[in-house]
Amino acid sequence: MFKLANCEFYIWIVSALHWQRGLSRMLALTPMSTFFVPVWISAVLACMTMATTALAEGGTEEGGSNELCASESDLAALNARVLQTELMVAALSCDERQQYNNCIVDYRSVLSERSQALQGMFKRAYGAEGTDRLNSFVTKMANNSSQQVTDRGNGYCAYAGELFKEVLANRPSDLNLLTSKPWIEDRHGYRPCVLEASRKPTG
């Protein structure tokens with residue numbers, strides 16, 4: 001098991017992006033065997049110029065307490081991205097690439113739908129800044145997942161193994177149920193619009 005610092009982890013991300021030609025397509029549907037290609041120079045340069053940039057404007061990071069609420073379909077997309085990121089970090093940290101590949105193959109169709117929905121959400125919410133905000137969100141989720149490796153220590157790979165087992169034991173049609181967990185919702189920080197409406201003062 002290895003630990004990735006934020007910048008180092010970002011290098012892995014940019015390598016994937018170089019292959020996929022766009023951060024919005026990252027983590028989508030590519031098996032691990034071809035997902036990470038040796039474009040380390042580009043990755044390091046991107047890390048130096050981008051990883052030190054604020055993850056969101058206005059002092060609020062994506063994936064923390066967020067000023068926007070999310071619809072039911074938005075939450076499904078956010079939750080799916082958090083889980084997929086967690087699985088990717090687990091695969092890298094615990095040498096579980098085959099398990100990750102199996103998950104991607106099984107869930108390919110629904111993950112593609114969730115990825116498109118996530119892009120649409122950020123475009124609606126942030127307009128011209130949508131792509132940059134989505135980039136920041138994905139990076140933040142990846143770094144949060146990598147932090148779990150440190151926080152869980154020697155128990156991390158046991159946790160990762162159970163997570164893979166749970167995902168593979170379910171069907172793609174059960175993805176919403178599988179991802180409706182407090183730790184996943186806390187990770188991205190978006191709240192349901194229904195909940196937000198109920199908090200507004202009346203009268």
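Couple of notes before you dig in:
- Once the Cα-Cα distance is subtracted from the 0.36 nm per residue extended length, the LEU68 to ARG97 segment shows a gain of 7.0 nm.
- Alpha carbon centroid spacing (whole Å) that separates segment 72-93 from segment 140-174: 10
- Neighbourhood charge, 12 Å Cβ-Cβ cut-off, centred on LYS181 and excluding it, Lys, Arg +1 and Asp, Glu -1: -3
- Exposure proxy ranking for GLU185, GLU72, GLU96, based on other Cβ atoms within 10 angstrom of each Cβ and starting from the fewest, stands as GLU72, GLU185, GLU96.
- Residues ASP186 and GLU166, FRET efficiency given R0 of 22 Å [Cβ-Cβ distance, rounded to 0.05]: 0.75
- Fewest-first ranking of ASP151, ASP174, ASP106, using other Cβ atoms within 10 Å as the exposure measure: ASP151, ASP174, ASP106
- Full-extension gain in nm, THR150 to SER112, via 0.36 nm per residue minus C-alpha separation: 10.7 nm
- Cβ-based net charge around PRO172, under 15 Å, with every Lys or Arg adding one and every Asp or Glu removing one: -1
- Qualifying chymotrypsin sites (Phe, Trp or Tyr not before Pro) in segment 94-203, DSSP loop, other Cβ atoms within 10 Å at most 14: none
Every number here is computed from the coordinates shown, using simple stated rules; none is lab data. What you see is a predicted model; the values in this text were computed from it and never measured. We place every Cβ from the backbone using ideal geometry, glycine too, and count neighbours over all the protein chains shown.
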